[in-house]
1. For a Förster distance of 25 Å, can you work out the FRET efficiency between the beta-carbons of Arg54 and Val109, rounded to the nearest 0.05?
2. Modelling each spin label as a point 7 Å along the Cα-to-Cβ direction, I'd like the Val98/Leu43 distance in nm, to one decimal.
3. Could you tell me the center-to-center distance, by alpha carbons, between the range 33-58 and the range 76-127 in angstrom?
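The numbers here are math on the coordinates, done by the rules we state, and not lab data. Bear in mind the structure is a predicted one, so any value in this text is a computation, not a measurement. All Cβ positions, glycine included, derive from the backbone under ideal geometry; neighbour counts span all protein chains shown.
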Amino acid sequence: MAFSLFVFSSLASSITSYLSTEPFNYDFKLLSIAVSLSYSYGLGLPVALWLALRYLGVSDWSLIEAIAVFGYGQFVWIPISLLCVIPVPLFRWALVGVGFGLSGYFLVVNIYPILQNAEAKAARFLVVVICILHAALALTLKIAFFSYYIIEPIGGADPILGSPASTPSPARL
């Protein structure tokens, strides 16, 4: 996932540079952000959840299963990172919403049966924490990686970020 996030955001920036005849500077900070984000969410969160479940006395889930569930849950972001090259801000938000929903549903279907064995209050707390972290992941992906524009945005400005200042005007294309 980290590689595809970096490749597709760099590809879109490169195309923007080509179309606007402005020099393209690689932003390798995005690579380190992508690696940190995907590994901390894909390895750190499952390990923390597994440890919390062990503390609560739930031993039905192995660490490998936890990491696999979160890894498979992130797969949906790969095609979304490709589709977010389309310069329609509302479409991109819809794609991020679909990705959030699909991967969230996958996580709930696979984690909830395990959480049923834990104390009800602690299980609800873990579900809320996972949902908040999952929403934070989706929002971070949208802002950090899916906010580039190859051409002038179609359909108005991005609801949160607004129109980027570095977007080439149609006259320059």
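1. 0.70
2. Taking the two extended label points, one gets 3.1 nm.
3. 16
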